[in-house]
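Colleague: Take a look at this one; I'll ask things after.
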Amino acid sequence: MADTRNADLTFGATDYVVYAAAVNTTMPTAFADPASPWVNLGWITTEGGLFKREDETKDVEAAGSLEPIRTLMTKSVKSAQVTFLEAMNPFVRSLYDNVPIADLEPTTDVVTYDLPDKPADLRYAFLFDTMDGDKRMRLYAPNGLVVERGDEQPQTSDVMPLQMTFKFFKGAANAAAVKRSIKYGGIDVTSFFPETP
């Protein structure tokens, strides 16, 4: 067996950028910079983002077998956790406070709005772009929702971060909850794909 190890295939993110747009906005061409209506959500902590998959299964037991005769996939939840550094970015603030972005548009230099008593179901499309030199990875989620928010702590020793967890759902026309794009950045990966006889 050929040794296919290649240090160039390691991935150390040098930048991590999150964009948002209206729910079910079409994924932009990979890996062009997203244009309007996509909005850049600003600086993120050096930890970048944490993408999670939580799969749940159920074993089917039957008489005559000491092992399950079948395993059913009952749930597969995909989510991402990101800590934003721009606590006054209007879009970040609207996601954290769970209010429509329109509520944060000031008529003067000041805006005032109520924090909702009952959580609103504010959904958006999201892009999560990661870069390492010429290598790129993108996650596109057409239908996402903020489901958890970290504590808000204004402080004098550092900027105030806002941590949020996004949960992803299927998009319009039953589109996948999350789609990944990869740009290999010129690395030869042909040895991973055997020739067709």
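Colleague: With a point put 7 Å past each Cα toward its Cβ, work out how far residue 11 is from residue 61 in nm, to one decimal.
Modeller: 4.0 nm
Colleague: How high is the relative contact order of the stretch 15-185, in percent, counting Cα pairs under 8 Å that sit 6 or more residues apart? Each step should come with its number before you reach the end.
Modeller: Working: 350 pairs, mean separation 42.3, N = 171.
Relative contact order, the stretch 15-185: 25 percent.
Colleague: In whole Hz, what ³J(HN,Hα) sequence does the stretch 135-149 give by Karplus (6.51, -1.76, 1.60; θ = phi - 60°), x for Gly and Pro?
Modeller: Values, residue by residue: 7, 9, 9, 9, 10, 10, 10, x, 9, x, 8, 6, 10, 9, 10 Hz.
Colleague: Hand me the GluC sites (Glu not before Pro) from the stretch 59-160 located in a DSSP loop with no more than 11 other Cβ atoms within 10 Å, in residue order please. Kindly include the intermediate steps, with their values, before the conclusion.
Modeller: Values: sites: 61, 86, 148, 152; in loops: 61, 86, 152.
Sparse-neighbourhood loop GluC sites (Glu not before Pro): 61.
Colleague: Still on this model: Could you work out the helix-only [θ] at 222 nm for the chain, with each DSSP H run of four or more residues adding -39,500 (n - 2.57) and the total divided by the number of residues, to the nearest 500 deg cm²/dmol?
Modeller: Numbers: 1 runs with 8 residues, N = 197.
Helix contribution divided over all residues of the chain: -1000 deg cm²/dmol.
Colleague: I've got another one for you. Once R0 is set to 30 Å, what does the formula 1/(1 + (r/R0)^6) return for the Cβ-Cβ distance between residue 47 and residue 134, expressed as a FRET efficiency to the nearest 0.05? Each step should come with its number before you reach the end.
Modeller: Working: r = 23 Å, r/R0 = 0.76.
The pair residue 47/residue 134 has a calculated efficiency of 0.85.
Colleague: Once you have the Cα-Cα distance between residue 115 and residue 103, take 0.36 nm times their residue separation minus that, and quote the gain in nm to one decimal. Before the final figure, lay out the partial values.
Modeller: Values: separation 12, 0.36 × 12 = 4.32 nm, distance 1.05 nm.
Between residue 115 and residue 103, full extension yields an extra 3.3 nm.
Colleague: Rounded to the nearest 0.05, what FRET efficiency do residue 182 and residue 156 give with R0 = 45 Å and r taken as the Cβ-Cβ distance? Could you check? Numbers along the way, then the final one.
Modeller: Details: r = 42 Å, r/R0 = 0.93.
That pair, residue 182 with residue 156, gives E of 0.60.
Colleague: What's the extension gain from residue 83 to residue 165 if we count 0.36 nm per residue and subtract their Cα-Cα distance? Please list the in-between numbers first.
Modeller: Working: separation 82, 0.36 × 82 = 29.52 nm, distance 0.88 nm.
Full extension from residue 83 to residue 165 adds 28.6 nm.
Colleague: Scan around residue 163 for amide H atoms under 5 Å from its own, H built in the peptide plane at 1.01 Å from N, and keep only partners 5 or more places away or cross-chain.
Modeller: So residue 163 has HN proximity to 84, 150.
Colleague: Comparing 147, 18, 159, which has the greatest mean-square fluctuation in the GNM of the chain with Cα pairs linked when under 10 Å apart?
Modeller: 159
Colleague: Given the options 33, 59, 15, state which has the largest fluctuation in a GNM of the chain using a 10 Å cut-off (strictly under) for Cα springs.
Modeller: 59
Each reported figure results from applying straightforward, stated rules to the coordinates on display, with no laboratory input. Bear in mind that the values here come from a model prediction, so they are computed numbers and not experimental data. Positions of Cβ are backbone-derived with ideal geometry, glycine not excepted, and every protein chain shown enters the neighbour counts.
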